[in-house]
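See below for the structure under consideration.
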Amino acid sequence: MNQIIVIILCFSVVLCPRSFAGTFFPKHDINDPNLSNDTVMLQCKKSLMYAPSQLEMWCERAYEVGYWQALEVIGLHTGDGSRYIAEAQKHAENDEPDGILALAFAYESGRFVPQNLHKSITLYNQYLNDNKGIEEEKMRVAGTHEDLYLIYTELGNFEKAAEHKRFFDENNYIENKDAILKKQMNEAGISVDSEQ
Amino acid sequence: MEMLPRSMQDKVEFYQRTGSGFNFIQQYFDEYWARGYLVPQAYGELVKAAREVGLKIIALDLTLEEMDASCGFDYAEAKKCFDSHTVRNLVWAQNINAILNQSNQNRVVAYMHRWHAVRAAGYQEGLDTLVKVGGVSTIRFIDFIGGTACYSQRSCKGYSDEKAELKRQYFYREGFPFKSAVKSYQVHLPESGI
């Protein structure tokens with residue numbers, strides 16, 4: 001009888017501790033074979049804010065299933081982004097848009113590399129040259145023009161800044177972003193406008 | 001504050017007006033923000049303190065169900081749609097801008113995780129740029145660092161690798177180690193016990 005009580009108590013102790021991840025971090029089983037790769041990557045991203053003790057586990061798994069961008073999250077957590085930069089460089093050298101843009105943002109923001117706005121401009125322009133007119137890349141192209149507008153503003157080159165601002169204004173980038181948000185929210189039945 | 005969803009604004013306002021009903025707010029923190037020992041209670045104290053000093057408390061966030069209105073990583077990175085992190089940021093920015101547009105006398109102090117305040121990834125705009133795009137220019141970002149995290153009353157420690165002397169100090173400095181679109185400061189909390 002005493003043994004049964006001990007087992008129950010132990011079981012209770014295992015079940016009772018609160019999850020320090022909170023309910024913003026779903027309790028997925030990393031070994032579940034039905035877990036989609038997208039869910040693994042989402043867990044990696046969410047762990048940065050909601051479950052840092054599980055971050056490396058989820059992000060290494062995300063990397064294994066093909067999301068090299070998961071290394072950025074590891075870098076933000078550990079302070080060492082060298083693996084991420086190496087991967088971004090490799091993908092950029094293969095002319096992959098994700099790699100080019102990742103490296104461009106790294107140099108623009110000084111994330112894991114010394115900030116270098118001119119290198120960033122070169123990379124963003126490389127992306128634009130490779131992808132202008134491609135319908136699939138429409139929003140990212142406009143977003144890149146916005147990034148270049150901000151960089152040139154920071155550099156004090158207002159003529160170039162205006163050139164890029166003209167592009168995303170003429171292509172209604174801000175309006176298109178609002179429309180995407182409204183569509184997503186409406187489809188989920190959420191009111192976008194709120195009065196406080 | 002990030003830690004309350006908009007759906008609770010009525011309960012928040014009732015508490016603010018009457019001083020009653022705080023338990024509903026504390027219950028929400030207990031259920032959704034149990035990140036460690038005393039964390040939910042700390043958010044509760046923040047709400048109480050805000051009311052005591054006369055600040056209006058605004059629930060910024062979406063509910064967990066509303067956050068499902070998002071898309072996967074590949075589509076979000078391609079900017080074809082927004083992931084839940086970005087949807088939240090966009091809605092919070094709209095809420096904050098709406099308050100500031102109501103009156104030029106209005107001021108806002110917004111509590112959130114740092115990776116909402118600034119750009120978390122290349123495709124995830126932070127509140128720093130989103131609020132600026134909404135026309136607000138006077139913004140300061142204050143990043144709290146240091147302090148302790150507790151798993152229980154007896155298990156509290158800091159997780160930094162600072163020198164011991166630095167761990168005991170309370171100080172601030174200008175700047176932020178990652179890109180921020182606004183003037184930023186870091187406030188270091190000492191690793192003293194609770």
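No value in this document is a laboratory result; all are computed from the given coordinates. What you see is a predicted model; the values in this text were computed from it and never measured. Ideal geometry is used to build each Cβ from the backbone, glycine not excepted, and the neighbour counts take in all protein chains shown.
Run the quick spin-label model on B:Arg154 and B:Leu55: label points 7 Å from Cα toward the beta carbon, then report their separation in nm to one decimal.
3.6 nm
Pull up all non-local amide H partners of B:Leu189: gap of 5 or more, or a different chain, and H-to-H distance under 5 Å with H placed in the peptide plane.
B:Ile145, B:Gly146, B:Gly147
Among the trypsin sites (Lys or Arg not before Pro) within segment A:105-154, which fall in a DSSP loop and have no more than 16 other Cβ atoms within 10 Å of their own Cβ?
A:Lys132
Need one number: nm distance between label points at B:Glu174 and A:Glu60, each 7 Å from Cα along Cα→Cβ, rounded to one decimal.
Modelled inter-label distance: 4.2 nm.
Given A:Asn172, B:Gly158, B:Thr138, which one lies farthest toward the positive end of the charge dipole of the protein assembly as shown, if we put +1 on the Cβ of every Lys and Arg and -1 on the Cβ of every Asp and Glu?
In the protein assembly as shown, that residue is B:Gly158.
Residues in segment A:69-109 near a label at A:Ile134, defined as backbone nitrogen under 19 Å from the 7 Å Cα→Cβ point?
A:69, A:88-106
For chain A, set up a GNM with springs between Cα atoms under 10 Å and report which of A:Gly110, A:Gly133, A:Gly99 has the largest fluctuation.
Taking springs between Cα atoms under 10 Å, the residue moving most is A:Gly133.
Which residue, A:His91, A:His145, A:His28, tops the fluctuation ranking in a GNM of chain A built on C-alpha contacts under 10 Å?
Evaluated over chain A, the most mobile residue of the options is A:His28.
Considering every residue in B:117-124, what mean count of other chain Cβ atoms within 10 Å of its Cβ is obtained?
The per-residue average across the peptide is 6.
Which residues in segment B:59-99 place their backbone N less than 14 Å from a point set 7 Å from the Cα of B:Glu31 along the Cα-to-Cβ direction?
What the label zone holds, given the 14 Å backbone N cut-off, is B:63-66.
Summing Lys, Arg as +1 and Asp, Glu as -1, what charge do residues with Cβ under 14 Å from the Cβ of A:Lys45 carry, A:Lys45 excluded?
Here the count lands on -3.
Please arrange A:Ile121, B:Ile142, A:Ile74 by counting, for each residue, the other beta carbons lying within 10 Å of its beta carbon, fewest first.
B:Ile142, A:Ile121, A:Ile74
Between A:Asn34 and B:Leu46, what FRET efficiency follows from the Cβ-Cβ distance if R0 is 56 Å, with the result rounded to 0.05?
0.90
Compute the helix-to-body angle for A:117-131: its Cα long axis versus the longest principal axis of chain A, expressed 0 to 90° and rounded to tens.
90 degrees
Give the distance, in whole Å, between the Cα centre of segment B:129-194 and the Cα centre of segment B:88-123.
Value for the Cα centre distance between the two parts: 18 Å.
Averaged over peptide B:16-29, how many Cβ atoms belonging to another chain are found within 10 Å of each residue's Cβ?
Across B:16-29, the average partner-chain Cβ count within 10 Å equals 0.
Give, rounded to the nearest 20 debye, the magnitude of the charge dipole that segment B:16-94 has about its Cα centre when Lys and Arg contribute +1 at Cβ and Asp and Glu contribute -1 at Cβ.
Around 400 debye, computed over segment B:16-94.
Could you run the Karplus curve 6.51 cos²θ - 1.76 cosθ + 1.60 with θ = phi - 60° over segment A:55-63 and give me ³J(HN,Hα) per residue in whole Hz, x for Gly and Pro?
Using θ = phi - 60°, the values come out as 4, 5, 4, 6, 6, 5, 5, 4, 4 Hz.
When a footprinting reagent is the concern and you count Cβ atoms within 10 Å, what order do B:His188, A:His77 take, fewest first?
Arranged by neighbour count, lowest to highest, B:His188, A:His77 become A:His77, B:His188.
I need the GluC sites (Glu not before Pro) found in segment A:146-196, filtered to DSSP loop residues with at most 16 other beta carbons within 10 Å of theirs.
Here the GluC sites (Glu not before Pro) that fit, given the DSSP loop and packing criteria, are A:Glu195.
Spin-label point model (7 Å from Cα, Cβ direction): what's the A:Ile174 to A:Lys90 distance in nm?
About 4.1 nm separates the two model spin labels.
Take the alpha-carbon centre of segment A:111-138, take the same for segment B:1-62, and report the distance between them in whole Å.
Result: 43 Å between the Cα centres.
Residue by residue through segment B:163-180, which ³J(HN,Hα) values in whole Hz follow from phi under the Karplus form 6.51 cos²θ - 1.76 cosθ + 1.60 (θ = phi - 60°), with glycine and proline marked x?
5, 3, 5, 5, 4, 8, 8, 10, 7, 9, 8, 7, x, 8, x, 10, 5, 10
Ignoring the sites themselves, what is the longest stretch of chain B with no trypsin sites (Lys or Arg not before Pro) in a DSSP loop and at most 13 other beta-carbon atoms within 10 Å?
Answer - B:1-55.
With a 10 Å Cβ neighbour count serving as the proxy for reagent exposure, in which order, fewest first, do B:Phe144, A:Phe25 appear?
Ordered by Cβ neighbours within 10 Å, fewest first: B:Phe144, A:Phe25.
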